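Participant: If you scroll down you'll find the structure; I have some questions about it.
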Amino acid sequence: MRPYAAVVALSALAAPALTQTLSPPPANNSPATAATQQPVTGSPKTFLEAARLAIIQGQLNDASVALEEAETRILTRSVQRSPTIEPSKQPLIATINDARNALAASDKQTALTKIGEALRAPGLDAPSR
């Protein structure tokens, strides 16, 4: 009967810890959080602008995600199927990649400069396929 009592005692001690880890995180509805939420749909320009805003607000992870989404939107509208996989050589993709690399190195100023260059690229507002 003793082993059973030990299991019950340990379960009683572990219950509060399990409750804490299973509780949902508190909602954060502050204006700063709302401003950096990533758009669900949009043009590459929308995602580049979201990345710029996220960097300004210090949300580097959000900025990285937005840059990846901008790159994806550009690639899905312009790349044809190919039997080989090779990186895109488009100047706009290279500029966004430079921004992503700068962001990964915590170089916010270079990332903002590269995003600005990408935002000025011709055809950025072209619709996705």
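Participant: Does any residue of segment 60-82 turn out to be farther than 20 Å from L124 by Cβ, exposed (fewer than 15 other Cβ atoms within 10 Å of the Cβ) and modelled with pLDDT of 90 or more?
Facilitator: Yes, some residue in segment 60-82 is farther than 20 Å from L124 by Cβ, exposed (fewer than 15 other Cβ atoms within 10 Å of the Cβ) and modelled with pLDDT of 90 or more.
Participant: Applying the selection to segment 103-114, what residues are in a helix (DSSP H, G or I) and more than 15 Å from the chain's Cα centre (by Cα)?
Facilitator: Passing the criteria: K108, Q109, T110, L112, T113, K114.
Participant: Any idea which residue in segment 46-59 is surrounded by the fewest Cβ atoms within 10 Å (Cβ to Cβ), counting only those that are in contact with a helix residue (DSSP H, G or I) (Cβ under 6 Å, 6 or more places away or on another chain), under 15 Å from L119 (Cα atoms) and not aliphatic (A, V, I, L, M)?
Facilitator: R52
Participant: Return the residue satisfying two criteria in turn: it lies in segment 86-101 and is within 16 Å of A70 (Cα to Cα) and either exposed (fewer than 13 other Cβ atoms within 10 Å of the Cβ) or small (G, A, S) (or both), and of such residues it is modelled with the highest pLDDT.
Facilitator: This residue is A99.
The values are calculated or read from the model by the stated rules, or taken from the named source; none is laboratory data. All values derive from a computational prediction rather than experimental measurement. Here Cβ is always computed from backbone atoms with ideal geometry, including for glycine, and neighbour counts include all displayed protein chains.
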